[in-house]
Amino acid sequence: MKKINYKNYLVGLALPVIFLSGCKKDFLEKPPTDAITDASFYKTDEQLLAGTAGLYNKVWFDYNDKASYNIGDFRSGTTFSAYNDRGNVLFNTTAENGENNASYRSFYQVVAQSNLTIVNINNNAGEGVSPDRKKMAIAEARFMRAVAYRYLVMNWGEVPIITNNLEVISDTSLVRNTVPSIWRFITREMREVAEDLPTTAVQPGRLTKWSAEGMLARFYLTRAGVGATSPTARNQVFLDSAKYYAQRVITQSGAQLLPNYADLFRWPYDNNKESLFELQWVFQPGQYGAQNSTPAYLNFSPDIANGDGWGGDKGATWWMLSQYEGIVASGDTMLRGRTLDQRLKATYMLPGASYPEITQAVPATVNPALKQKLVFPWVTGDVNFASIKKYVVGKAEDVGGQALQQNYPHDTYMMRLAEMYLIYVEAVLGNNSSTTDATAIDYFNKVHTRAGLAPFRVTDPVSGAPTPLTFDVIFKERVLEFAMEAMAWYDLVSLHYYDPQKAYSILNSQDRGYYNITPDVFPNPTQWTIKKTSWATTERRVNANAGNFRLPIPSAEITQAPNLTKPAVEYP
């Protein structure tokens, strides 16, 4: 099993990551250079930019590959796999689980490479490097490190904070740090980073001040619950800070919601006006590690893929489908209806739905051209799936020729403007049971109506009854907006900080079992009937509790760093 050596991991990768020419991302392009050394490389602004490029992709690869959705969506209950990754689907992730290990390893790769980048820049930046570019490059590395620690603390709790891998090469006393002190560290880091990043990206896809302030909004909203003694005791100062930074990004960044939700995931969507931070993947034939491999595991069939298509058993859970407005329960075993919520079709594929942007290979008996525009098939029988659409973009001919097996160019969203609107709303709600704040309602509706739904109103337009905005409404909106973006698990972790019983209740109420979807007509149905598979009576629900909510630190790490079992200490 692959292990992390906290003391010297990635020391050998301290050189800047050099990519082949021909990549579509300008700042990831660099002509091949022989015999580059640390001392000779950081001599110009161009070299400095190239030196931080790898922080936007390769170090995140092991997390992005399969771990992101295993943790973010399988564990949270939005999505499931019928036959694979069952440990995460059933909420019994072990210390030996492959995706648990991959994500832990990847986050510490981000930390180590960020640390080494900072050291190299400080030691080797030449006179040809402008002060502003040097400051920005170090800020990029600190940003990535803080984001990695946000994932680490939310998944594994107490973990070691390392800010210079070279200084701990001979250190045998490395121990974990406490959760509150990790949150203090990453918040302090991000506040300083926000001062050092430019307000406008120096190249498309590069971090900006608004990327950092958006992260601060996210950090403060979660941190408000850390150490809370009751569900109504979140830290008001931190809630106010989350609101402050979210509104700054909304009003000052220049970012805008895309008018059509589906366009967020139609090629080419990279670095669009809604995006605040993306992992920057590149299409590199013959190379591995800087490309987006995730679509290979999400494409429901080889018919729409490029030599892969291994996601045939993945799809929305029964619980997830029940969240869409207009799809209503009929007893305990059936859902029926349709929804005006455009996010369903853009996130999951139901039988008969059409996707003209995706080419499907078909037999000559279906089409002599051996292909057609995709209509998601209706597979009859006891079990079928609402397969995944997000990050599924089709064959090479659908993406400008830039696709091969496990090799796709399009980016992974890490933060977009829609989240800022919903952070603002939740921060205003704060410790109250409901809110009718006008700005919060307006911001909520920016997201809600973009999906094609009628505006949320605090008074029912028919009965006149009050319908204030509550946590349950906001949480549901976040689930619908960010399903299959590896977000829902972290919303539950944030909730768990201050109201663990509610987090367990949400998880334990979810049905994650098999079902069958039947359209009323095919193709282009007007509604669907979704029935639980009658013979599949086990493994439909999970048992989330205080003993299994956190991910376990991988066994291999405990073996090579036994101090990880010792009590955590405060980080300075």
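Readers should treat all values here as calculations from the given coordinates under stated rules, not as data from a laboratory. Note that the coordinates shown come from a computational prediction; the quantities given were computed from them, not determined experimentally. Virtual Cβ from ideal backbone geometry, glycine too; neighbours counted across all protein chains shown.
Placing a pseudo-label 7 Å from each Cα along the Cα-to-Cβ vector at Asn431 and Glu192 gives an inter-label distance of 3.1 nm. In summary, the aspartates and glutamates within cross-link reach of Lys209, defined as a Cα separation below 16 angstrom excluding same-chain residues under 8 places away, comprise Asp132, Glu140, Glu189, Glu192, Glu195, Asp196, Glu274, Glu278.
The length gained by stretching the chain between Glu46 and Asp313 to full extension, at 0.36 nm per residue less their Cα-Cα distance, is 91.6 nm. Under the simplified labelling scheme, the Asn508-Thr449 pair shows an inter-label distance of 4.0 nm, with each label point 7 Å from Cα along Cα→Cβ. When only alpha carbons are used to place a centre, the stretch 370-398 and the stretch 46-124 end up 27 Å from one another. Using Cβ point charges alone (K and R +1, D and E -1), the dipole size of the stretch 295-402 about the Cα centre works out to roughly 200 debye. Per residue, the average separation of C-alpha pairs within less than 8 Å and at least 6 apart gives the chain a relative contact order of 20 percent.
Per residue, the average separation of C-alpha pairs within less than 8 Å and at least 6 apart gives the stretch 295-402 a relative contact order of 30 percent. Once both labels are positioned 7 Å from their Cα atoms along Cα-to-Cβ, the gap between Asn548 and Trp378 label points is 3.7 nm. Ordered from longest to shortest, the equivalent ellipsoid semi-axes for the stretch 312-468 are 37, 22, 13 Å, each the square root of 5 times a Cα gyration tensor eigenvalue. The ellipsoid equivalent to the alpha-carbon distribution of the chain has semi-axes of 37, 29, 24 angstrom, derived from the gyration tensor eigenvalues as √(5λ) and listed largest first. Distances between placed amide hydrogens fall under 5 Å for Ile388 paired with Met349, all partners being 5 or more residues away or on another chain. Could you give the angle, 0 to 90 degrees to the nearest 10, between helix 236-252's Cα long axis and the longest principal axis of the Cα atoms of the chain? Long axis of 236-252 versus the principal axis of the chain: about 90 degrees.
Among the listed pairs Lys476/Lys532; Lys273/Lys390; Lys66/Lys273; Lys273/Lys314, which are separated by more than 20 Å between their Cα atoms?
Over 20 Å apart, Cα to Cα: Lys476/Lys532; Lys66/Lys273; Lys273/Lys314.
Basic side chains Lys and Arg get +1 at the Cβ, acidic Asp and Glu get -1 at the Cβ, and with that the dipole of the chain about its Cα centre reaches some 460 debye.
In terms of Cα atoms, the Rg and Dmax of the stretch 427-572 work out to 21.0, 64 Å.
Where does the stretch 295-402 land on Rg(C-alpha)/(2.2 N^0.38 Å)?
1.13
Label 7 Å along Cα→Cβ of Thr251; the stretch 187-229 residues with amide nitrogen under 17 Å? Only 210, 213-214, 217 pass the distance filter.
For every other residue with a beta carbon closer than 14 angstrom to the beta carbon of Asp491, add +1 if it is Lys or Arg and -1 if Asp or Glu, then tell me the sum.
Details: positive: Arg75, Arg150, Arg218, Lys476, Arg478, Lys502; negative: Asp73, Glu419, Glu426, Asp472, Glu477, Glu481, Glu485, Asp499.
Overall, the nearby charge balance is -2.
How large is the helix-only mean residue ellipticity at 222 nm for the chain, computed as the sum of -39500 (n - 2.57) over DSSP H runs with n ≥ 4, divided by its residue count, in deg cm²/dmol to the nearest 500?
Working: 17 runs with 200 residues, N = 572.
Counting only the DSSP helices, I get -11000 deg cm²/dmol.
Give, in nm to one decimal, the length gained when the segment between Thr559 and Thr538 is fully stretched (0.36 nm per residue of separation minus the Cα-Cα distance). Walk me through the numbers before you get to the answer.
Numbers: separation 21, 0.36 × 21 = 7.56 nm, distance 3.51 nm.
So the extension gain works out to 4.1 nm.
Once phi is turned into ³J(HN,Hα) by the Karplus curve 6.51 cos²θ - 1.76 cosθ + 1.60 with θ = phi - 60°, what whole-Hz value does each residue of the stretch 317-330 show in order, with x for glycine and proline? Using θ = phi - 60°, the values come out as 6, 3, 4, 4, 5, 6, 7, 6, 4, x, 9, 10, 6, 10 Hz.
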